[in-house]
Amino acid sequence: MPPRSAAKRLYRSARRRAAPRIACSHIRHAWDPSKSVAQNLAEMGLAEDPNKAVPIPKKLVGVEVGSDGWKQGKKIVRKPYVVNEMEYEASLPEKKSNTLSRDLIDYVRYMIQNHGENYKQMALDEKNYYQDTPKQIKRKINVYKNFYPEEYKDFIASLKQEKMDVQ
């Protein structure tokens, strides 16, 4: 068995030679393990080095410059579908998954039910465990109003109905 440091070296070199772990499924499926990283990315129309992809313009003397001010380069994109798929995926609208915790909803409903619009009383309430100031409580209530406007309206309507029934 080789000494410990030699085993570490072998492990490291094997890990370096192993195929890269690619998170993007589009790139992973188009990847050719027999080619280098630069060759693979060039075939897909992607840049290996962002500094070379979008260089800082300098005054070019004696160099052929395109109409847009950049040097004309011969780049053959053999797998344009990768970039097209990535652009399509990026253009999709993002789902809003913002929700409030059940604890916060219960807290806000309790405060409104017991104190109405009196934020100073809410701040003094024994259920105000985090010792929120009146402004912080008002902000939490406004967040609840913005996230669940229909639920808030129904809740306020039910509170008004309860007050009318009591009187």
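The values are calculated or read from the model by the stated rules, or taken from the named source; none is laboratory data. Quick caveat: nothing in here was measured; it's all calculated off a predicted structure. For neighbour counting, all protein chains shown are included, and Cβ atoms are generated from backbone atoms with ideal geometry for every residue, glycine included. Accessible surface areas use protein heavy atoms only, side chains included; no ligands, DNA or RNA. Shrake-Rupley method; radii C 1.70, N 1.55, O 1.52, S 1.80 Å.
Among the protein heavy atoms, those of S91 account for about 80 Å² of accessible surface (1.4 Å probe, every chain in place). Summary: within the chain, the longest segment free of chymotrypsin sites (Phe, Trp or Tyr not before Pro) located in DSSP loops with at most 13 other C-beta atoms within 10 Å is 1-69. Considering only P50, P80, V143, the residue lying farthest towards the positive end of the dipole of the chain is P50, judged by Cα position with unit charges set on Cβ. The listed residues I27, I137 rank as I27, I137 when sorted by accessible area, largest first, using a 1.4 Å probe.
When only Cα pairs under 8 Å and 6 or more residues apart are kept, what is the percent relative contact order across region 75-150? Please report the intermediate quantities before stating the final value.
Numbers: 26 pairs, mean separation 20.5, N = 76.
Relative contact order of region 75-150: 27 percent.
With the cut-off at 22 Å, tell me which of the pairs K96/K140; K8/K35; K95/K138; K52/K75; K35/K75; K95/K145 have Cα atoms farther apart than that. Exceeds cut-off: K8/K35; K95/K138.
Quote the FRET efficiency, to the nearest 0.05, computed for E151 versus I56 with a Förster distance R0 of 41 Å and r equal to the Cβ-Cβ distance.
Values: r = 53 Å, r/R0 = 1.29.
FRET efficiency, E151 to I56: 0.20.
Let me check something: with ligands and nucleic acids excluded, how do R4, R12, R78 order by accessible area (1.4 Å probe), largest to smallest? Could you put the intermediate results ahead of the total?
Working: R4 195, R12 115, R78 160 Å².
The most accessible residue leads, giving R4, R78, R12.
Accessible area per residue (1.4 Å probe, heavy atoms of protein chains only) ranks K96, K127 as K96, K127, with the largest value leading.
For the chain, the relative contact order comes to 15 percent (Cα pairs under 8 Å, sequence separation of at least 6).
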